[in-house]
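See below for the structure under consideration.
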Amino acid sequence: MNLTNDWKMLLQGEFNKPYFINLMEILKREEQQYLILPPKEDRFNALNLTSYKDTKVVIIGQDPYHNLHQAHGLAFSVPDNIPLPPSLKNIYIELANDLNIHNTKGNLTSWASQGVLLLNAVLTVRHNQPNSHKNIGWEQFSDKVISLLNQKLTPVVFILWGKNAQEKEHLINNPDHLIIKSPHPSPFSAHQGFFGSRPFSKTNNFLIRTGQTPINWKID
């Protein structure tokens, strides 16, 4: 596993479990038949860019973008010079309404570097086949990540957008943490309660209240 920080030690036990060994075997077979996204070197970017120690906000996505050049291992994020996908456009609309911040670039690395873990429940996908790697083992892995974060002594904000992310809620039972949940920012559901939910100001208010530095959501 190309993990480069404290996650490597914390997740070491997972890599030897039968489900994870099986998951890696499935991916090997899949890569012989299909184009798998994101590229292998980017799959653990969320964990590598946001260490366990530094994580103070978690945004949980479903699975990676399935179009070429979009997925780079951070939930909802796209690399530089890639047009904004619909869900990210809606996230930015809500951010503008909430905090009057107007982002145009879709690379969320600067959020990750401030302690926002942008974790997808499933870390890979076949090109042009959304949800194609659902139930092959990734969910168990991301459950472990959430469970470890639930054990943190420092308060963490968990942002759960949509049904898939909210399936992780049962793993978060530490009363020190804050759970913010709403419908998914996708065009199919954003108007059903995502717009107007003000997750960004709620997050920063909680961080300030618990003696932590708020997130600068502006992307230059």
* Asked: For the chain, with every protein chain kept in place, what is the accessible area per residue (1.4 Å probe, Å²)?
  -> 47
* Asked: Span-like helices, the chain: DSSP H, alpha-carbon axial extent 27 Å or more, mean Kyte-Doolittle 0.5 or greater, which ones?
  -> none
* the chain: most fluctuating residue of Ile21, Ile101, Ile59 per GNM, C-alpha cutoff 10 Å -> Ile21
* Structure fact -> Comparing Phe200, Phe20, Phe158 in a Gaussian network model of the chain (Cα, 10 Å), the one with the largest mean-square fluctuation is Phe20
* Selection from Ser142, Leu119, Tyr92 lying farthest towards where the dipole of the stretch 67-156 points positive, charges on Cβ -> Ser142
* Asked: Comparing Phe194, Phe15, Phe44, which has the greatest mean-square fluctuation in the GNM of the chain with Cα pairs linked when under 10 Å apart?
  -> Phe15
* How big, in percent, is the set of alpha carbon pairs in the stretch 108-219 lying more than 24 Å apart? -> 29
* Which distance in Å, rounded to a whole number, links the C-alpha centroids of the stretch 146-197 and the stretch 66-113? -> 18
* Point-to-point label distance, Arg29-Gln129, nm (Cα→Cβ direction, 7 Å offset) -> 1.2
* To do: Once you've got the Cα coordinates, tell me which of Lys8/Lys218; Lys40/Lys181; Lys17/Lys89; Lys17/Lys53 are over 28 Å apart.
  => Lys8/Lys218; Lys40/Lys181; Lys17/Lys89
* Asked: Of all accessible surface on the chain at a 1.4 Å probe, what whole percent is carbon and sulfur?
  -> 52
* **DSSP-loop trypsin sites (Lys or Arg not before Pro) across the stretch 124-207, with at most 16 other Cβ within 10 angstrom** => Lys134, Lys152
* Structure fact -> Looking only at aspartates and glutamates whose Cα falls under 17 Å of Lys105's and that sit 8 or more positions away or on another chain, we get Asp80, Glu94, Asp220
* Among Leu49, Asn81, His66, whose Cα lies farthest out toward the positive end of the dipole of the stretch 40-95, if unit charges sit on the beta carbon of Lys, Arg (+1) and Asp, Glu (-1)? -> Leu49
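The values are calculated or read from the model by the stated rules, or taken from the named source; none is laboratory data. Computed from a predicted structure; not experimentally measured. Note that each Cβ is placed from the backbone with ideal geometry, even for glycine, and that neighbours are counted across all protein chains shown. Accessible surface is based on the protein model in full, side chains and every heavy atom, while ligands, DNA and RNA are left aside. Shrake-Rupley method; radii C 1.70, N 1.55, O 1.52, S 1.80 Å.
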